[in-house]
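Report on one structure; see the data block that follows.
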Amino acid sequence: MTYVDGFVIPVKLSDKEAFIEHARKADQLLMDEGALRIVECWPEDVPEGKQTDFYRAVDRQDGETACFSWIEWPDKATRDKAFAAMMADPDIAAMPYPFDGKRMIFGGFEPVVVLEKGNG
């Protein structure tokens, strides 16, 4: 069974390319440390809700959007080891963050239902 981390991240609209560049660099380290799949998404069809929505979750400010990302891991132990390696990496620490990490929503999840198309 896999383990999944999910993220909702406030990003300035003007920082889309910086967000992509940051993700490519940081995500490669996580892939090298055992991540199975990483998906970084820029919003395209994200409605504003009447009570809750992605934007409210990250306290979106003027000129910002809410990005959604997830990482698939073989297990939680691999994830924990990879995140420790990322936090200790001086190159990652020196990178500018094109988002406000204080308003990022994140969590680790154990899948309970997984449906996939067959491989043919």
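Structure summary
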quantity	calculated
Percent accessible area from carbon and sulfur atoms, the chain, protein chains only, probe 1.4 Å	54 percent
Loop-located GluC sites (Glu not before Pro) in region 34-84 whose Cβ has at most 15 other Cβ within 10 Å (DSSP)	Glu44, Glu48
Whole-Hz ³J(HN,Hα) from phi, Karplus 6.51 cos²θ - 1.76 cosθ + 1.60, for region 96-104, glycine and proline x	x, 9, x, 7, 8, x, 5, 9, 6
Cα-centred dipole magnitude for the chain, charges only on beta-carbon of K, R (+1) and D, E (-1), debye, nearest 20	200 debye
Nonlocal Lys pairs with alpha-carbon distance under 25 Å, the chain (8 or more apart, or different chains)	12
Cα→Cβ-extended label distance, 7 Å offset, between Met95 and Glu48, nm	3.1 nm
Rounded to the nearest 10 Å², the accessible area of Asp32 at probe 1.4 Å	110 Å²
Phi-based couplings in Hz for region 41-51 (Karplus 6.51, -1.76, 1.60; Gly and Pro marked x)	10, 9, x, 10, 9, 10, x, 7, x, 8, 10
Over the chain, equivalent-ellipsoid semi-axes from the Cα gyration tensor in Å	24, 20, 13
Hull-based mean projected area of region 20-61, where the convex hull spans the alpha carbons, in square nanometres	4.3 nm²
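The values are calculated or read from the model by the stated rules, or taken from the named source; none is laboratory data. None of these values were measured; they are calculated from a predicted model. So basically every Cβ, Gly included, is an ideal-geometry build from the backbone, and we count neighbours across all protein chains shown. We work out accessible area using only protein heavy atoms, side chains counted, and drop any ligands, DNA or RNA first. Shrake-Rupley method; radii C 1.70, N 1.55, O 1.52, S 1.80 Å.
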